[in-house]
1. I'd like the antiparallel share, as a percent to the nearest 5, of DSSP beta bridges with both residues in the chain.
2. Please state, to two decimals, what the Cα-based radius of gyration of the chain comes to when divided by 2.2 N^0.38 Å (N = residues).
3. Find the percent of Cα-Cα distances in segment 118-167 that exceed 18 Å, and round it to a whole number.
4. Enter the accessible area of Asp296 (Å², nearest 10), with the probe set to 1.4 Å and all protein chains included.
5. So if each residue of separation counts as 0.36 nm, and I subtract the Cα-Cα distance between Ala54 and Ala124, what length gain in nm does that give?
6. Segment 105-124 to segment 134-207: how many Å between their Cα centroids?
7. If you average the sequence gap of Cα pairs under 8 Å that are 6 or more apart and divide by the length of the chain, what percent do you get for the contact order?
8. Accessible surface of Thr215 in the full protein assembly, 1.4 angstrom probe, to the nearest 10 Å²?
Amino acid sequence: MRGVSAPTSRPVLPLRPEIVGVAPYGAPQLDVPYLLNVNENPYAPAPDVVADIARDVAAAAATLNRYPDRDFLALREDLAAYLATESGVTLAPEQLWAANGSNEVMLHLLQAFGGPGRTAVSFAPTYSMYPEYARATSTAWVEGRRAEDFSLDTDDVAATITREQPSVVLLASPNNPTGTALPRATVEAVLAVADEVPGGCVVVVDEAYGEFRRTGTPSALELLPAHPNLAVSRTMSKAFGLAGARLGYLAAAPALVDALRVVRLPYHLSAVTQAVARAALRHAPALMAQVGSLRDERDALVVWLRERGLTVADSDANFVLFGLFDDRHAVWQGLLDRGVLIREVGPPGWLRVSVGTPEETAAFKDALVEVAAL
């Protein structure tokens with residue numbers, strides 16, 4: 001029998017050109033005492049919440065030989081009831097959608113309304129995953145700029161939308177990494193311009209940190225009845241402390257939600273995920289009490305940083321962007337050397353710290369005083 005000759009060269013992987021040499025997204029995952037870099041809720045679920053989740057997961061486990069409810073209407077009803085309490089906005093279950101984290105929700109939006117020959121627009125600095133959603137769906141990406149105080153200049157936004165004629169506009173409120181929330185009038189101004197785009201334009205307001213907004217800061221959910229091209233996304237990763245469960249969701253007109261049902265993968269939301277989310281929603285009042293303490297901790301941290309001569313962006317989120325440093329990496333490394341991991345992100349000179357427990361915040365303050373000689 002003849003031997004098979006070895007190939008003369010290795011086969012080439014046919015990567016899409018736009019991902020050649022691109023590194024995967026991800027914040028540093030380091031084993032240090034104080035993890036304040038990815039905006040997690042520092043409080044683990046209480047024992048009664050854990051017990052309730054475990055009970056429902058056990059019940060779901062007994063049915064894992066069957067596919068889950070692909071339209072998860074019971075979960076959508078629970079999400080609608082939660083938003084009615086949290087934001088005072090009444091929604092039908094058909095106006096809710098959910099997926100594996102708000103990342104997948106955003107991907108569904110770009111799959112449905114983006115694509116080749118279409119454009120998505122946002123305004124930097126903002127969430128660094130947005131252009132990756134665009135790249136993953138072969139959607140052209142255009143990034144305008146925010147003002148010096150990280151607000152949106154509505155004239156500049158209008159000019160950008162009119163020039164680019166996007167099919168999707170992505171607005172984070174509160175914005176990541178700045179913490180800046182959008183006034184209702186700003187969102188309305190963006191919607192007015194989007195309504196004039198030939199062929200239509202979906203405006204997405206990403207409220208991943210919406211529960212942490214200060215008193216008097218509105219939710220874009222209030223604008224849904226008058227705007228069928230508006231989608232407002234939320235997540236259970238932050239306020240609910242369920243980052244490990246991966247449950248994000250949005251509210252929109254039923255026709256917009258139906259478009260997402262077309263592009264989702266079959267049975268994308270597992271029975272276990274649905275069980276975890278529904279159990280946690282039953283404990284929303286207790287979990288929201290933790291949100292109040294984190295708001296207080298955030299506001300006190302903003303005051304403390306400003307009292308030491310630092311520039312701090314107003315925050316409606318569970319994190320604070322602060323600076324300015326000539327060598328922010330040296331400050332970041334100095335904090336890490338002292339066991340405190342924060343995020344080196346945002347415009348040059350700025351750093352972002354997540355709001356932690358009082359103990360974690362105290363450790364951050366002590367380390368920063370040493371590193372920055374405050």
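The values are calculated or read from the model by the stated rules, or taken from the named source; none is laboratory data. Predicted, not measured: the structure shown is a model, and the values here were computed from it. Don't worry about glycine lacking a Cβ; one is built from the backbone with ideal geometry, like all the others, and counts go over all protein chains shown. Surface areas here come from the heavy atoms of the whole protein model, side chains and all, with no ligands, DNA or RNA. Shrake-Rupley method; radii C 1.70, N 1.55, O 1.52, S 1.80 Å.
1. Numbers: 16 of 35 bridges.
Looking only at bridges with both residues in the chain, the antiparallel portion is about 45 percent.
2. Working: Rg = 22.0 Å, N = 374, 2.2 N^0.38 = 20.9 Å.
Compared with the compact-globule rule of thumb, the chain sits at 1.05.
3. Numbers: 364 of 1225 pairs.
In whole percent, the share of Cα-Cα pairs in segment 118-167 beyond 18 Å is 30.
4. Per-residue accessible area (Asp296): approximately 100 Å².
5. Values: separation 70, 0.36 × 70 = 25.20 nm, distance 4.09 nm.
Here the segment from Ala54 to Ala124 would lengthen by 21.1 nm.
6. One Cα centre to the other: 12 Å.
7. Working: 649 pairs, mean separation 83.4, N = 374.
Here the relative contact order equals 22 percent.
8. Taking all protein chains as shown, Thr215 has close to 150 Å².
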